1. Run the numbers for A:Ala129 and A:Lys217: contour at 0.36 nm per residue of separation, minus the present Cα-Cα distance, in nm.
2. Taking the Cα-to-Cβ direction at A:Asp30 and at B:Glu272 and moving 7 Å from each Cα, how far apart do the two end points lie in nm?
3. Starting from 0 in steps of 10 Å, tell me what percent of the Cα-Cα pairs of the stretch B:1-159 lands in each bin.
4. In square nanometres, what is the average projected area of the Cα convex hull of chain B?
5. Looking at chain A as a GNM with Cα springs under 10 Å, which of A:Asp154, A:Asp169, A:Asp140 has the largest mean-square fluctuation?
6. Short version: what are the Cα gyration tensor semi-axes of the stretch B:54-132, square root of 5 times each eigenvalue, largest first, in whole Å?
7. Relative contact order, percent, of chain A when contacts are C-alpha pairs under 8 Å separated by at least 6 residues?
8. Let me check the size of the stretch A:6-161 from its C-alpha atoms; what are the radius of gyration and Dmax in Å?
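Where a number appears in this text, it was derived from the coordinates with a stated rule and is not lab data. Just so we're clear, the structure is a prediction, and the values are computed from it rather than from any experiment. Don't worry about glycine lacking a Cβ; one is built from the backbone with ideal geometry, like all the others, and counts go over all protein chains shown.
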Amino acid sequence: MNKIPNRQAICESLMSAAENDRDVIALCSDSRGSASMTPFFTRFPEQSVEVGIAEQNLVSIAAGLAHCGKKAWCFSPACFLSARSYEQAKIDVAYSDTNVKLIGISGGISYGALGMSHHSCQDIAGMTAIPNMRVYLPSDRFQTAKLVEALLADEKPAYVRVGRNPVEDIYTENSCPFVMDKATRLDFGSGETTVGLIACGEMVYPAVQAAKLLADKGLHAVVLDMYCVKPLDREAVLTLAGEASILLTAEEHSPFGGLGSLVSAVTAAEKPVRVLQLALPDDHVITGKSPEVFAYYGLTAENMAEKLLAALG
Amino acid sequence: MNVKSTAFDVRRTALEMIMKSGGGHIGGDFSVADILTVLYFREMNISPENKDDPDRDYFVLSKGHSVEAYYAVLAEKGFLDREEVINTFSQFGSELIGHPNNALPGIEMNSGSLGHGLPVCVGMALAARMDGRPSRVYTVMGDGELAEGSVWEGFMAGGHYRLGNLCAVVDFNGLQISGTTEEVMNHENLAAQVESFGWQVLTVNGHDCDALQEAFALARKTEDKPTCIIARTVKGYGGGAFMENKAGWHHKLPSAEEYEQIAANLEKHKKEAMENE
């Protein structure tokens, strides 16, 4: 398998687009290496803007470029982009309605042992709360490429979070069902009892593995790859809530204001069903590499399957 | 037309807006009025006719709280209707919000939180350069605003990219809500500070419309670096001695008696400006 990080998939898609569209602009805050954007900066220097370590400047300059017709893509670690430049995202991008795509790289706990300063486990909560800001967490490289293509075709603001590490493929080059702002539904098993797993970003792969484990136990397990956290695909959630005995959400985020909160708000109001929530704790995250940290907090396929089986009784 | 006298009309419209809506940033409106009027009537290539032309000049009011003066000058320029501006400013459901709203014709970007205008203008100036467009890009900041770190990120990038098509004006009235800028966070060496970021700096009397116009002309001629115009102004200028240079008039609703005095003073100054033409 050719594993690459999703950030690299973004660079490749943007380079294809930049070839024929000189309005595609990439901006970095001394982050081109960590964003996998060095090839873009090397190949399209006239379409690249370096602002130095200044995330507020990064986002405001992007908004100014976008206001004048550019398709401005900002790349910076999600921890800084979603917090240091939050007000610029709120005012210069979302409120002023500029065509800026904010790409938060190495999101969640990607930076592992580097500590809380480098984690972004509040970004979904923060960004979804801004009117006119969409929030996407694609799962694998194929979906990331489709998402970039869709985002290049519109002129609205968006925040995209991708991880630092290479991720397992969920889809293939020839089979990556994608409809913008619709969750991708994956069904496993054919039992009479249905359980639902709703996940985004790097949590989709373990959710799929969990669904396979549950299918082996005789259940019908459905995964919703909710890459579109905002606008949340309410219809897919409600359809699944009508079928499933229980739902489980999984996210690399604080337990507040993320995917679990958003899904629960929809089901509680319109189709009450029990929703188990797996997330990172409301606490300083333990030191370690991503897989170690995920294992420690139970963000694994095995724990997802176990939680659902235990809840079913 | 006589810009000095138009600037007094701008102040009068701002005064009426503030009386009708129940308060506003009157001190800064009066200090910035000459700068805005010179920009719109003597310097910038912006009008209701070319507002969507990519080659137009671009303006961002970074000190968004001087919105009354901004809407007033946009009304003078024909972007907005003066009566509507006075009657609906800050009223329920109005698009004439208490800080600039780019849903209105002629307004490029929303502002209100300080320290955003200059970095946004850096992006606009870069875009014009990338496309080989003749557009020039202008922002007006307050002096209190200069304490925001993002302003200096903007100065840094403007100097780094040698944006000769970028011009920042500082409405330097020396007062902010808590007192003098000197006491709150001083910028005694502002010219040297901005120069050290690679900018041309020009200091002028911000109520001398000819001097402002000359400074803008010099900025236009300077192609290898951006220009910062430090416009020395008086907060509350033209309203009368009781309100000029007083931090307490940063945001205020004048009493009925004060209103009469301010209106009379503005009328008197306007007359003088017309006589001196």
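1. Gain on stretching A:Ala129 to A:Lys217: 27.8 nm.
2. Placing both labels 7 Å along Cα→Cβ, they lie 5.2 nm apart.
3. The calculated distribution, bin by bin, is 11, 40, 36, 12, 1.
4. Over every viewing direction, the Cα hull of chain B projects on average to 13.3 nm².
5. Looking only at A:Asp154, A:Asp169, A:Asp140, the largest GNM fluctuation is found for A:Asp154.
6. Three semi-axes, in Å: 25, 14, 9.
7. Over chain A, the number comes to 16 percent.
8. Using the Cα atoms of the stretch A:6-161, the pair Rg, Dmax is 13.8, 41 Å.
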